[in-house]
Amino acid sequence: MAAVARYLCCIVTATNVVVTRPIAAEFGIEHLLGIERDTDDGTPGGRFTGLSQVAGTRGWPVMKLF
């Protein structure tokens, strides 16, 4: 009988993925959700990506909080 994967293992963090990606790799965890810096033509900007997209789909007033 073949083994069936029943669980998805992932890391969800408010830490930058630059820090957490090597940790996830060390533990063999393929799925990582963290923050990333926004870029304009390859130059890092001041905003983080991801949060506003999630907030927009959920209707959360995130921009009022930050």
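The values are calculated or read from the model by the stated rules, or taken from the named source; none is laboratory data. These numbers come from a predicted model, not from an experiment. Neighbour counts run over all protein chains shown; Cβ positions are idealised from the backbone, glycine included.
If you check every pair at least six apart or on different chains, which have Cβ atoms under 8 Å apart with a residue in region 1-24 that is closer than 13 Å to E36 by Cα and modelled with pLDDT of 90 or more first and a residue that is surrounded by 12 or more Cβ atoms within 10 Å (Cβ to Cβ) and of a type in the set (S, T, Y) second?
Going by the 8 Å Cβ cut-off, the qualifying pairs are T20/T13.
Provide a single number: the residues in region 25-48 that are of a type in the set (A, V, I, L, M), in a strand (DSSP E or B) and either at positive phi or modelled with pLDDT of 85 or more (or both). Walk me through how you get there before you give the answer.
First, the residues of region 25-48 that are of a type in the set (A, V, I, L, M): 25, 29, 32-33, 35.
From what is left, the residues that are in a strand (DSSP E or B) are 32-33, 35.
Filter once more, keeping what is either at positive phi or modelled with pLDDT of 85 or more (or both): 32-33.
Qualifying residue count, region 25-48: 2.
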